[in-house]
Amino acid sequence: MNFRTIEEFDIARKRVVIRVDLNVPIRDEVILNTARVKAIIPTIEYCLRQHAEVVLLSHLGRPKGTCDPKFTLQPVAKELERFLNHPVEFVEDWRTWLRRSADSEHVLDSRVQLVENIRFEPGEESNSNVLGEELASLGDLYVMEAFGTLHRAHASTYKAVQAARQVGIGFLLAQELRMLSLAMVSPQRPLVVVIGGSKVSSKLKVVQHLLTQADTILIGGGMANTFLLAMKHTIGTSLVEIEFLEEVSEMLSSGRIKVPHDVMVCDGSLDEHGKSIHRLVDEVKAQEMIVDIGPDTARCYTKLIKQAGTVIWNGPMGVFEYDQFGEGTRVVGKAIGESAAFTLAGGGETIAAIDHNDLSQQLDYISTGGGAFLEFIQGATLPGISALRAHACNNDRCRN
Ligand code: ADP
Ligand code: MG
């Protein structure tokens, strides 16, 4: 379904409430990755050009429904100001603010306001009707722009969408949906999926779904160990999820899954002092831990990536945080970057690995969603999308 984008509304001298995803990694008030801040700038700039007043809503971290200064969005307001080159007002007490604005019909165009962490509200995560209605009533138009939070049915992503009179989507969300559909719905073939990382249980669902779509699935990272064990290889002390062995064996019988035939194991501690040793998969010893794919596997994966029409990448091939265990991720990442295929990547650590290897300019699209990206590519219906769809249907835009 095509949702109405912000451009389809007359927002001149109107108050526009935008649910964004500014859940960024912060240490000592410094934002470690600004991709999500940058990604929402075009929508805000558009509103400013249209002389609308902007109210931004977001969450940050998991503050458990009460005010916790550790999770304040204040540093993000400053970063936003820098990217926008325009003042951003930080609104701590948004209820008082709401009363004040409701009393005045006067919309202040060129005003950008960021409301304090919406998860300080107990009703946010419980998807409260009351909070949803309150948020929807903050403006004339409610805009969904938080792709990274679409997999949550929360007051600001679900009930507010239901309650708002007019609902649109921002440029970022429109782009995310377009790019993900391009890779998932009508991909150029062959569709090659590269899956790694460590969240085996949640990612197996992704592999399962993609088996119905993809031509080849390349497995690396901690994910690979469960597959290797299912193939009766010794994997020593490697990360594994034994309860999925049966499922994994079944998946292997499809013949479309490739697993490493050589790996790197860690000699010593899993830190900057540990050494990386090459092993064929049937040579791994009982006390060893697999921490990366091996060079032959990386070469084989590179070849398949070069022949692809579309590549979807989620999950590093090894513990890339330490250089000596990061070669597999570097080689495979470089192959994806150089591939003529349409290339799409997503996932928290995947993006960190892309940045680490300076590849961000070489991929066609990097999703701002972690969990939402994973759920989307496993074919799940995201609650945020359901809410948008229901709203669109109620407004006679349903096509069926
Ligand atoms: P993403 O956030 O991109 O979806 P995950 O969260 O699933 O990825 O996993 C990323 C983590 O997986 C990285 O921090 C990396 O160190 C770890 N990892 C990769 N390969 C292995 C391995 N063989 N053993 C243990 N951890 C691994
Ligand atoms: Mg992760």
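The values are calculated or read from the model by the stated rules, or taken from the named source; none is laboratory data. Every value quoted in this text rests on a predicted model; they were computed, and no experiment measured them. Every residue, glycine as well, gets a Cβ built from its backbone with ideal geometry; the counts of neighbours run over all protein chains shown. Surface areas here come from the heavy atoms of the whole protein model, side chains and all, with no ligands, DNA or RNA. Shrake-Rupley method; radii C 1.70, N 1.55, O 1.52, S 1.80 Å.
Based on Cα atoms of segment 88-157, Rg over Rh with Rh as the Kirkwood radius reads 0.96. Here's the picture: charge each Lys and Arg Cβ at +1 and each Asp and Glu Cβ at -1 in segment 125-181, and of Gln175, Gly148, Leu135 the one pushed furthest to the positive end of that dipole is Gln175. Computed from the Cβ-Cβ distance with R0 of 22 Å, the FRET efficiency linking Val130 to Asn394 stands at 0.60.
Where the alpha-carbon atoms of the chain are placed on the principal axes, they occupy 74, 50, 37 Å, in descending order. The HN-Hα couplings worked out from phi for segment 138-152 by the Karplus form 6.51 cos²θ - 1.76 cosθ + 1.60 (θ = phi - 60°) are 5, x, 8, 9, 9, 10, 8, 9, 8, 4, x, 10, 5, 7, 10 Hz, whole numbers, x standing for Gly and Pro. At a probe radius of 1.4 angstrom, the accessible area of the chain per residue rounds to 44 square angstrom. In a reduced charge model with +1 at each Lys and Arg Cβ and -1 at each Asp and Glu Cβ, the chain shows a dipole moment near 900 debye about its Cα centre. Under a straight-distance cross-link criterion of Cα-Cα below 28 Å, which lysines are reachable from Lys159, leaving out those fewer than 8 residues away in the same chain? Straight-line reach from Lys159, under 28 Å: Lys14, Lys38, Lys64, Lys70, Lys205.
Note on segment 30-72: Kirkwood radius taken over Cα pairs, Stokes-Einstein applied at 25 °C and 0.890 mPa s, translational D equal to 193 µm² s⁻¹. Within segment 133-275, the proportion of Cα pairs with more than 18 Å between them is 68 percent. In order along segment 40-54, phi translates into HN-Hα couplings of 9, 4, x, 5, 5, 4, 4, 4, 5, 5, 8, 6, 9, 9, 10 Hz, rounded to whole numbers, per the Karplus curve 6.51 cos²θ - 1.76 cosθ + 1.60 with θ = phi - 60° and x for Gly and Pro. Pairs of Cα atoms nearer than 8 Å and 6+ residues apart set the relative contact order; for the chain it is 16 percent.
Compute the relative contact order of segment 215-330 as a whole-number percentage, counting only Cα pairs closer than 8 Å that sit 6 or more residues apart in sequence. Normalised by residue count, the contact order of segment 215-330 is 30 percent. Check Phe90: other-chain or 5+ apart residues with amide H under 5 Å from its amide H, H built from backbone geometry? The list, which skips near neighbours in sequence, is Leu114. Taking the protein heavy atoms of the chain in the context of the full set of protein chains, the accessible area attributed to carbon and sulfur is 48 percent at 1.4 Å. Backbone phi angles across segment 269-279, fed through the Karplus curve with coefficients 6.51, -1.76 and 1.60 (θ = phi - 60°), yield HN-Hα couplings of 8, 7, 7, 5, 8, x, 9, 9, 10, 7, 9 Hz in residue order; Gly and Pro are listed as x. Applying both filters, DSSP loop and at most 11 other Cβ atoms within 10 Å, to the trypsin sites (Lys or Arg not before Pro) of segment 35-137 gives Lys64. Relative to the longest principal axis of the Cα atoms of the chain, the long axis of helix 327-338 lies at roughly 60 degrees. The aspartates and glutamates within cross-link reach of Lys285, meaning a Cα-to-Cα straight distance under 20 Å and a gap of 8 or more places when in the same chain, are Glu241, Asp262, Asp267, Asp271, Asp296.
Rounded to the nearest 20, the Cβ-based charge dipole of segment 190-347 about its Cα centre (Lys and Arg +1, Asp and Glu -1) stands at 500 debye.
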